[in-house]
Amino acid sequence: MRFILLIFALVASSLAVAESGKTLRCVTTHYPPYTIFDEQKNTFTGSDIDLINYLNQSLGLNIKVIHLPWARVKKEMTLNYYDCYFSLATNTLREKHLEFTQHPTHVTKFGLFALDKSTLNNKDFSSTRIAMLRGVALPNEIADKYNILPKNIMHTLSTSDSFKLLEKKRVDFIITNYQAGLWFAKNSVGIHARQFHESSLPVYIAFKPGVVDINLIDKQIKQYYEQ
């Protein structure tokens with residue numbers, strides 16, 4: 001009898017996560033080292049992908065990962081066409097349309113990248129040109145401390161575009177996720193970096209409301225990082 005109840009509980013739990021047999025279409029973008037998209041092979045690797053694969057296996061899900069450019073991801077969040085998105089920071093607008101996990105996939109720390117190493121420790125950036133990915137907000141703790149003005153920020157469609165601007169000396173600095181920036185800069189010569197410690201930004205998996213039992217997803221994310 002106990003065995004039958006256990007089987008019933010497992011089946012019920014699986015069905016509570018997502019409709020049985022349904023494919024969940026989850027959108028992400030190329031953002032190494034967390035999500036690395038190989039365009040030629042149409043494959044994904046990275047630490048966030050490892051977590052998604054774990055959720056697939058542990059909960060019996062069928063998650064299909066779809067790559068979109070970041071600008072497109074931002075537009076799709078409010079349209080309810082896809083089932084989930086990763087990894088996203090929370091804000092009021094996104095929370096109106098999506099249900100976020102409580103446990104983050106990873107925590108972002110910002111970094112500063114420059115061609116001139118001696119400028120990385122500047123305290124005042126009010127007269128400099130800075131490239132940042134469009135749609136990523138600069139934390140007030142960093143903007144205020146280093147006197148970074150909105151008018152001096154050039155917004156780009158991709159982190160790769162930001163580094164192209166730096167290499168062409170059209171900007172003086174890039175501010176982006178520190179780990180992602182190191183990945184993009186690894187094949188470049190003469191790009192230097194430092195990490196900002198004034199702020200950190202957790203990012204999450206966000207689901208279309210009603211698609212999954214978010215509590216079960218959270219339990220598995222917590223278990224994954226406690227292994």
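The values are calculated or read from the model by the stated rules, or taken from the named source; none is laboratory data. Remember, it's a predicted structure, so these values are computed and weren't measured experimentally. We place every Cβ from the backbone using ideal geometry, glycine too, and count neighbours over all the protein chains shown.
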Selection within the stretch 74-110 - modelled with pLDDT under 95, assigned to a loop (DSSP other than H, G, I, E, B) and out of contact with any strand residue (DSSP E or B) (no Cβ under 7 Å at 6 or more places or on another chain): Thr78, Leu79, Asn80, Tyr81, Asn91
- request: Within the stretch 138-175, work out how many residues are of a type outside the set (Ser, Thr, Tyr), in a loop (DSSP other than H, G, I, E, B) and in contact (Cβ under 8 Å) with a residue 40 or more places away in the chain.
  value: 6
- prompt: From the residues in the stretch 32-71 that are under 20 Å from Lys109 (Cα atoms) and surrounded by 18 or more Cβ atoms within 10 Å (Cβ to Cβ), which one is modelled with the lowest pLDDT?
  reply: Trp70
field: Test for Phe100: is it buried (at least 16 other Cβ atoms within 10 Å of the Cβ) and more than 22 Å from Thr156 (Cβ to Cβ)
entry: yes
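Please tell me if Lys64 is basic (Lys, Arg), touching a helix residue (DSSP H, G or I) at 6+ places or on another chain (Cβ under 8 Å) and not in a helix (DSSP H, G or I).
No; evaluated as a whole, the condition is false for this residue.
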message: Would you confirm whether or not the stretch 118-137 contains a residue that is among the aliphatic types (A, V, I, L, M), at pLDDT 95 or above and surrounded by fewer than 17 Cβ atoms within 10 Å (Cβ to Cβ)?
response: yes
query: Tell me, which residue of the stretch 69-125 that is of a type in the set (Phe, Trp, Tyr) and out of contact with any Cys (no Cβ under 9 Å at 6 or more places or on another chain) is nearest to Thr23 (Cα to Cα)?
result: Tyr81
